[in-house]
Structure formats: C-alpha cells, structure tokens
C-alpha cells in the first residue's frame, strides 16, 4: 500500500510568488495535516483538515491556506512568499482527526525562496 | 511554538551502546509519540505512549512517560549505525479544538559510529 505522497519533492521560488503543494493521504485516511519544518527545528503545525473542513489552524499568517478535496487529498497554498517561508513542508494523514491517532508523514516538499 | 525541550540536543555514541533521549512538555496530553527523521526527510513513527501508560517497549526501543513531571524518555538499546538520525518527541493535547495537532520538540541528533 502506498504511504502519504507529496509533490513536488523540491521547489524553488522567488519572493512574492505563490506556491501550491500537494498531498495524497494513505488510502482510507480522511484527515490530513500540514506542518512546516524550518532547518534545525521541529515541525510546526499549520492546518488539519477532515471531511473537507478545517479542524485546526496553527499560528501562521493568512498567506497560508489549504483545502481538502472529496478524495481526501489536500493542497497547501502560500501567497506572497517570504524568505522565511523556506522550509520542509510535511503532510501527515490519519484515519480521523482524533488525538489518539498515529499520524503518518510523507517525505515532504522542500521549498526554497530566493 | 514548540511544546517543550529535548535533551540532549546532540548525542554521539559507538555502535552497541545504548542511547537515551529525554523530552519535556508543558500541557496535559492525550499521548506522546516519538518519531525519527533521516537527513531532513519525512518523519517515521516509532512508538506512541498514552497518558495512562508509564512504559512501553517496541523491539530495541523503550519509552517511559512521567505525567507528573511532564517528561518522557526514549531508550534505544544496542544501537546501530543505521540508527543515526534526528529523533523528535511530539505530544497530542488532551481536549481543545485542534485535538489532532501534534506539538514537536526541537529534536535530538543521534550519531552512532561504527
């Protein structure tokens, strides 16, 4: 069975541009979460989606948005990119949004903003 | 913001030795999870311990949880060069609206020398 898949693997953008990152959860998982990991730090929670609705949002500006599709895949959008948005963006899936669940992570998308 | 701190920040040992990493957190939790990350890629789930458990084993891994001290430890016995990675603890909070959110520590970089 396929795990969590993310695309693209790497991305280079310039300041002010927009970026869309994509995530496909494990088959049967209906909850998707997004995390940002800056070099040398632990991941930080950005969003959690379940059944196409936002269930939780971390302390990130409105430039960050996401959505979930009927097939439970998800997109993370970041507008007006800043140098500080350079990071590894991780997607995780779980059967439902409950805290009791293990979250399974994809390999991530490494975003470089120049 | 990070939930807590991990100690030590870096650990260097020889193959065959045991490695112990500690994690502290700040809020009431539903569970605490440990993840491994190789070379800045995706996170691999290692073990989950619930708030009503005190110790859990999985292969060469032993995790303890002390909710009165809000701390956990991960012991890797008989370490191998392949265990070289960054290790993160992550907590899932009890209650709240973002109950699927994981809050990560800053991680311990483990290097196992052959």
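Of the numbered criteria (1) in contact with a strand residue (DSSP E or B) (Cβ under 7 Å, 6 or more places away or on another chain); (2) free of Cβ contacts under 8 Å to residues at least 40 places away in the same chain, the one residue A:98 fails is (1). With the condition kept exactly as written, say whether any residue in the range B:66-76 is surrounded by 20 or more Cβ atoms within 10 Å (Cβ to Cβ), touching a helix residue (DSSP H, G or I) at 6+ places or on another chain (Cβ under 9 Å) and free of Cβ contacts under 8 Å to residues at least 60 places away in the same chain. Checking the range B:66-76: at least one residue is surrounded by 20 or more Cβ atoms within 10 Å (Cβ to Cβ), touching a helix residue (DSSP H, G or I) at 6+ places or on another chain (Cβ under 9 Å) and free of Cβ contacts under 8 Å to residues at least 60 places away in the same chain. Residues in the range A:100-114 that are under 13 Å from residue A:3 (Cα atoms) and part of a loop (DSSP other than H, G, I, E, B): A:103, A:106, A:107, A:108.
Whether any residue in the range B:95-111 is more than 14 Å from chain A (Cβ to nearest Cβ) and out of contact with any helix residue (DSSP H, G or I) (no Cβ under 6 Å at 6 or more places or on another chain) is what I want to check. Looking for residues that are more than 14 Å from chain A (Cβ to nearest Cβ) and out of contact with any helix residue (DSSP H, G or I) (no Cβ under 6 Å at 6 or more places or on another chain), one finds at least one in the range B:95-111, hence yes. In the set A:61, A:70, A:97, only one residue is farther than 21 Å from residue B:39 by Cα, in a loop (DSSP other than H, G, I, E, B) and within 14 Å of another protein chain (Cβ to nearest Cβ); that residue is A:97. Within the bounds of the range A:76-94, is there any residue that is modelled with pLDDT under 95, within 8 Å of another protein chain (Cβ to nearest Cβ) and under 20 Å from residue B:107 (Cβ atoms)? Looking through the range A:76-94, none of the residues is modelled with pLDDT under 95, within 8 Å of another protein chain (Cβ to nearest Cβ) and under 20 Å from residue B:107 (Cβ atoms). The single condition from (1) over 14 Å from residue A:113 (Cα atoms); (2) within 14 Å of the chain's Cα centre (by Cα); (3) away from chain B (no Cβ under 13 Å); (4) without any contact (Cβ under 8 Å) to a residue 60 or more places away in the chain that residue A:8 fails is (4).
Looking only at the range A:36-53, which residues are free of Cβ contacts under 8 Å to residues at least 40 places away in the same chain, facing chain B (nearest Cβ under 10 Å) and over 15 Å from residue B:92 (Cα atoms)? Scanning the range A:36-53 gives A:40, A:41, A:49. Going through the range B:85-114 one residue at a time, which ones are free of Cβ contacts under 8 Å to residues at least 40 places away in the same chain and either within 15 Å of the chain's Cα centre (by Cα) or crowded, with 18+ Cβ neighbours inside 10 Å (or both)? If the condition is that a residue be free of Cβ contacts under 8 Å to residues at least 40 places away in the same chain and either within 15 Å of the chain's Cα centre (by Cα) or crowded, with 18+ Cβ neighbours inside 10 Å (or both), then B:98, B:100, B:101 are the ones that fit.
The single residue among B:58, B:51 that is touching a strand residue (DSSP E or B) at 6+ places or on another chain (Cβ under 8 Å), modelled with pLDDT under 95, within 14 Å of chain A (Cβ to nearest Cβ) and over 22 Å from residue A:37 (Cα atoms) turns out to be B:51.
The number of residues in the range A:16-35 being buried (at least 21 other Cβ atoms within 10 Å of the Cβ), in a strand (DSSP E or B) and either touching a helix residue (DSSP H, G or I) at 6+ places or on another chain (Cβ under 9 Å) or more than 12 Å from chain B (Cβ to nearest Cβ) (or both) comes to 2.
The values are calculated or read from the model by the stated rules, or taken from the named source; none is laboratory data. This structure is a prediction, so every number in the text was calculated from the model and none was measured. Every residue, glycine among them, receives a Cβ derived from its backbone with ideal geometry; neighbour counts consider all protein chains shown.
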